[in-house]
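The values are calculated or read from the model by the stated rules, or taken from the named source; none is laboratory data. Everything numeric here is computed off the predicted structure, so don't read it as measured data. In this analysis, Cβ positions are derived from the backbone assuming ideal geometry, glycine residues included, and neighbour counts consider all displayed protein chains.
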Amino acid sequence: MNFTIQNVLIATFDDYAIVDVQVVDGAIAAIAPSLEVIGTAINGENKLLLPGFFNAHTHSSEMWQRGIIPPLPLELWLAQLYDFAPLDTEKVYLSALGTAVETLLCGGTSVVDHLILIPGKELETIATAVRAYKEVGIRAFVSPLIQDESLTAGIPSGETEQNHEPYFRSTKATLELIEEAVKQFHRPDEGVSLLVAPTGIQLCSDALFQGCIELSNKYNLCRHSHLLETKAQEKLAQEKYGCTAVEHLKRIGYLGDRTTLAHCIHLTDNDITILAETQSTVVHNPLSNLRLGSGIAPILKYRQAGVNVSFGCDGASSNDSQDLLETIKIGSILHNVTDLDYQHWMTPRQAVEMASLGGAKGLNMANELGSLTVGKKADLVTYDLTSLSLLPRTDPIGLLILGRPTHAVESVWVNGKQIVADGKVTTINVDELRQQLFHHSQWDTKRKSGTVAQIEAHYRSIMGL
Ligand SMILES: [Zn+2]
């Protein structure tokens, strides 16, 4: 559908302008004052128009455990997460819908779902998430989370002898599964892309990484992994490879301009240089990193080194929401305490660019998405500048990023199709989704993780606690 947004506020280089924006066949056709109306006229008065943001790293099905996991570091938190991970696809469907809705209502038009697969129902899990994202209409980058080592292998051995159970599925079978998923579901033109997404060095063999690189090259797929989220992983890389994880990933050819890496907290200066040289993208997950005590990623250093950075909420049980605007706010101001020189601090406009263009770059779509540019796809968001949280009138982007915007998103278009109007998702029934989420869950305060009980003593001794 073609439309023209009239008299809408957009950011210019260092100011704002009121313009009309024509959208034809899903793409931005013109941006200028007083344009002829093509298609439907949309009143943009007192609205701020921005390119859609990317929720560049999350795990949708963690929604079922948000708010319940006690304060634990990643390795123990993961043990609890997997002990209670949902095993039916109905839940996968509902949490993908929920993740999409929350992302949209915080200005996100794209979501990278590092999707946890139900053992034995892997393709079904992927099909279900794809169906949910298509129904909502958000642009989806479905990244089936794979590994080929069992959970305990992710904890360094230290001086001890550790025997790990073999992973339940072979590396070969895992790669075949991903290739089949790519054939069935990778449809970038329809708004659904598949990524190769080995979870990270802590649980993946080189054979798995190599297989993912081959699939990525064969089908032109982006690559997505966790990287150096914890101190334990930093130690583990030295045990496994005798060098840093980044040095190893470079050696095996995993890094590149289509590779996005979540967290990136414990990197050396040389590692940062490697990320810049290989044009890899860092996904900043500040809330998850605080929640799990993982650390503060050196984002200002990345930016100074020329590393592309985008933002992700991370899964909803290490966040414990999918509020992308909150992630961008914390991810912008957190670093002010790490560098005395305020001239290095991130501005709200820089944060907006990271959340939009930074996300697009990491997914190899900077030519098509991420900015208000004629010819790019119309993944657009308008914010209601008369919303209480964006008043009184000051600097709209400053207040959007540094304030606490609530109910500020007015309309969202993905590929030129409107999927949020008047602050409400129009493609699915959100009231029904609320009821379903309610009925498929219960209040719970008593659960205990068997795996945490098994591995906690070893973890504490390895970490010197
Ligand atoms: Zn993650």
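Quick notes
- In the set M354, M346, only one residue is touching a helix residue (DSSP H, G or I) at 6+ places or on another chain (Cβ under 7 Å) and either on the phi < 0 side of the Ramachandran plot or away from the ligand (no atom under 16 Å from the Cβ) (or both); that residue is M346.
- Selection count, segment 223-254, where residues are of a type outside the set (F, W, Y), under 21 Å from I213 (Cβ atoms) and in a loop (DSSP other than H, G, I, E, B): 5
- Residue count, segment 242-254 (criterion: more than 16 Å from the ligand (Cβ to nearest atom) and either surrounded by 24 or more Cβ atoms within 10 Å (Cβ to Cβ) or in contact (Cβ under 8 Å) with a residue 40 or more places away in the chain (or both)): 6
- Evaluated against (1) more than 21 Å from T451 (Cα to Cα); (2) assigned by TED's automatic domain parsing to the domain that holds L227; (3) away from the ligand (no atom under 15 Å from the Cβ), P70 falls short on exactly one condition, (1).
- Residues of segment 376-386 that turn out to be crowded, with 18+ Cβ neighbours inside 10 Å and among the hydroxyl-bearing types (S, T, Y), as a count: 2
- Number of positions in segment 86-108 that are buried (at least 23 other Cβ atoms within 10 Å of the Cβ) and of a type in the set (S, T, Y): 3
- Residue list for segment 419-462, restricted to those being of a type outside the set (F, W, Y), surrounded by 16 or more Cβ atoms within 10 Å (Cβ to Cβ) and within 30 Å of K231 (Cβ to Cβ): S449, T451, V452, I455, E456, H458, I462
- Residues of segment 297-339 satisfying the condition of being surrounded by fewer than 17 Cβ atoms within 10 Å (Cβ to Cβ) and within 15 Å of the ligand (Cβ to nearest atom): S321
- Pairs, first within 12 Å of the ligand (Cβ to nearest atom) in segment 278-290, second among the acidic types (D, E), C-beta under 8 Å, six or more apart: N285/D314; L287/D314; L287/E326; S288/D314; N289/E229
- Residue match in segment 144-155 (condition: modelled with pLDDT under 95, away from the ligand (no atom under 16 Å from the Cβ) and surrounded by fewer than 17 Cβ atoms within 10 Å (Cβ to Cβ)): yes
- Test: residue in segment 398-407 that is crowded, with 20+ Cβ neighbours inside 10 Å, touching a residue at least 12 places away in the same chain (Cβ under 8 Å) and among the small types (G, A, S): no
- Set side by side, the residues C212, C204 differ, and just one is within 16 Å of the ligand (Cβ to nearest atom), crowded, with 16+ Cβ neighbours inside 10 Å, assigned by TED's automatic domain parsing to the domain that holds I126 and in contact (Cβ under 8 Å) with a residue 12 or more places away in the chain, which is C204.
- Against the list (1) at pLDDT below 95; (2) under 25 Å from the mean Cα position of the chain (by Cα); (3) hydrophobic (A, V, I, L, M, F, W, C), the condition F168 fails is (2).
- Applying a threshold of 9 Å to beta carbon distances and a minimum spacing of six or more residues, or different chains, the list of pairs starting in segment 305-333 at a residue that is farther than 19 Å from T99 by Cα and in contact (Cβ under 8 Å) with a residue 40 or more places away in the chain and ending at one that is within 14 Å of the ligand (Cβ to nearest atom) and assigned to a loop (DSSP other than H, G, I, E, B) reads V309/C264; V309/A297; G331/N285; G331/A297.
- Those residues of segment 80-126 which are of a type in the set (D, E, K, R) and under 19 Å from Y167 (Cα atoms), in sequence order: D83, K121, E122
- Among the residues of segment 37-51, not a single one is touching a Ser or Thr at 6+ places or on another chain (Cβ under 8 Å), surrounded by fewer than 19 Cβ atoms within 10 Å (Cβ to Cβ) and not assigned by TED's automatic domain parsing to the domain that holds A11.
- Unique match (being under 12 Å from the mean Cα position of the chain (by Cα) and in a loop (DSSP other than H, G, I, E, B)) among D314, D320, D257: D314
- The residue list T160, T171, T199 contains one member that is more than 30 Å from K417 (Cβ to Cβ), surrounded by 22 or more Cβ atoms within 10 Å (Cβ to Cβ) and among the hydroxyl-bearing types (S, T, Y), which is T199.
- The lone exception for D83 - which of (1) free of Cβ contacts under 8 Å to residues at least 60 places away in the same chain; (2) charged (D, E, K, R); (3) surrounded by fewer than 24 Cβ atoms within 10 Å (Cβ to Cβ) it fails: (1)
- Some residue of segment 43-59 being in contact (Cβ under 8 Å) with a residue 60 or more places away in the chain, away from the ligand (no atom under 16 Å from the Cβ) and within 22 Å of E456 (Cβ to Cβ): no
- Output for segment 332-372, where each listed residue is outside the structural domain of Y254 (by TED's automatic domain parsing) and closer than 20 Å to L290 by Cα: none
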